[in-house]
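Some notes on the structure that comes next.
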Amino acid sequence: MIRMYYWFCTLVWGLNFIAVKIQGDLVAPELSLFYRLALTCLMFGALLLWRQPDKPLGGGRRVTVLLFGVCNFALSYLCLYYGTLQSSAAVVTMIFSLKVVFTPLALAVVGRESVSGRIAVGGAMGIGAVFILLYPALVHHPESLSVSGLGLALVGTIITSIGDVCSAINADRGVDPVCANMFGFLVAGVVMGGFVWDKGVPVSLPPSIHYWSALLYLSVCASFFAWLFYLKLVKEIGGARSGYMVALFPAIGGIASVVIGESDLTPYLVIGFSLSCAGAFVALKGKQMREEQTWPSTSTST
């Protein structure tokens, strides 16, 4: 079961931005994201009512739970949605993999983790991979690049890392992870609903099977089941080992981008995604394992 959880999360999250691309811009990204957050909040709320933990917030403060939701599910998602629609899902996936560098840096800023040399090396490889992928467009068709799309993807990734810091603080204080996710999605949904109302976005239900299929994928698979399976992985094999799946996101996103016809299979794409995966692996390799379990022993313990 552990392997199934691991590969489910890897594939589902690796295809996250491909699903956003397929969903498209039939409605404003704020409204699409609101639908996703509301549906996911309902699922986590039902799960929380069924589990009924004694102390769902543990010794935590509500402010870090609220910040976790605003950063990880509202602001970062919105930036990444716009970045994906304005540029390429393949590029956004590659930029998002830099989270393995930004999160340790953010944790170091608040004094919760030291930064190893591998983080710097992995980050340099990841940045180099982005430039390799963009090189043909920079040289031959610079007008085709969306600077705002790339910038939003980078900002969204950084905001996600800030949310990861809040998540780490919540875990240290004994906050129930399902409760944190439910309240996080609830707060994010309220924030996104405020954006929809403030911008005067017309509420509509687009008659598109592609749109609703992508929405269900993002809500049920990527936001609900993948999170639950990831929590199980962290419990069984530790956060550091679970985090290695991020190293495979660029490869999965790149292959899917070619399959749906968004990107062409070129040497630049192959080299860029290979370097991005290697950089993420190097950065993750520098983190200490939380548990000293081996893979076979974890797979037989469930």
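The values are calculated or read from the model by the stated rules, or taken from the named source; none is laboratory data. Computed from a predicted structure; not experimentally measured. Don't worry about glycine lacking a Cβ; one is built from the backbone with ideal geometry, like all the others, and counts go over all protein chains shown. Protein only, heavy atoms only, side chains kept; ligands, DNA and RNA dropped before computing areas. Shrake-Rupley method; radii C 1.70, N 1.55, O 1.52, S 1.80 Å.
Conditions: (1) surrounded by fewer than 16 Cβ atoms within 10 Å (Cβ to Cβ); (2) in a helix (DSSP H, G or I); (3) without any contact (Cβ under 8 Å) to a residue 24 or more places away in the chain. His210 meets all but one. Number of the miss?
(3)
Condition first: touching a Leu at 6+ places or on another chain (Cβ under 9 Å), modelled with pLDDT under 90 and not in a helix (DSSP H, G or I). Can you find one or more residues in the range 150-172 that meet it?
No, every residue in the range 150-172 fails to be touching a Leu at 6+ places or on another chain (Cβ under 9 Å), modelled with pLDDT under 90 and not in a helix (DSSP H, G or I).
One residue is enough: does the range 44-64 have a residue meeting the conditions at pLDDT 90 or above, in a helix (DSSP H, G or I) and under 21 Å from Ser213 (Cα atoms)?
Yes: the range 44-64 contains one or more residues that are at pLDDT 90 or above, in a helix (DSSP H, G or I) and under 21 Å from Ser213 (Cα atoms).
For a quick check of your reading of the model, give me the residue pairs whose first member lies in the range 13-37 and is more than 20 Å from Leu186 (Cβ to Cβ), whose second is surrounded by fewer than 24 Cβ atoms within 10 Å (Cβ to Cβ) and acidic (Asp, Glu), with beta-carbon atoms closer than 7 Å and at least 6 apart or on different chains.
The qualifying pairs are Lys21/Glu262.
With respect to Leu228, determine if the residue is modelled with pLDDT under 85, part of a helix (DSSP H, G or I) and either open to solvent by less than 40 Å² (accessible area, probe 1.4 Å) or not hydroxyl-bearing (Ser, Thr, Tyr) (or both).
No.
Residues checked against (1) β-branched (Val, Ile, Thr); (2) crowded, with 22+ Cβ neighbours inside 10 Å; (3) closer than 15 Å to Val100 by Cα:
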residue: Ile132; (1), (2), (3): yes, no, no
residue: His140; (1), (2), (3): no, no, no
residue: Val147; (1), (2), (3): yes, no, no
residue: Leu152; (1), (2), (3): no, yes, no
residue: Val155; (1), (2), (3): yes, no, yes
residue: Ile158; (1), (2), (3): yes, no, yes
residue: Ile162; (1), (2), (3): yes, no, yes
residue: Arg173; (1), (2), (3): no, no, no
residue: Pro177; (1), (2), (3): no, no, no
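Here are Ala188, Ala180, Ala137: which of them is small (Gly, Ala, Ser) and without any contact (Cβ under 8 Å) to a residue 12 or more places away in the chain?
The match here is Ala137.
Arg118 fails exactly one of the following numbered conditions: (1) of a type outside the set (A, V, I, L, M); (2) under 26 Å from Ile252 (Cβ atoms); (3) open to solvent by less than 20 Å² (accessible area, probe 1.4 Å). What is the number of that condition?
Only one criterion is unmet by Arg118, namely (3).
State yes or no: is Gly69 farther than 29 Å from Phe273 by Cα and modelled with pLDDT under 90?
For Gly69, the condition - farther than 29 Å from Phe273 by Cα and modelled with pLDDT under 90 - is not met.
Of all the residues that make up the range 181-207, how many are open to solvent by less than 10 Å² (accessible area, probe 1.4 Å) and farther than 13 Å from Tyr35 by Cα?
Residues flagged as open to solvent by less than 10 Å² (accessible area, probe 1.4 Å) and farther than 13 Å from Tyr35 by Cα within the range 181-207 amount to 2.
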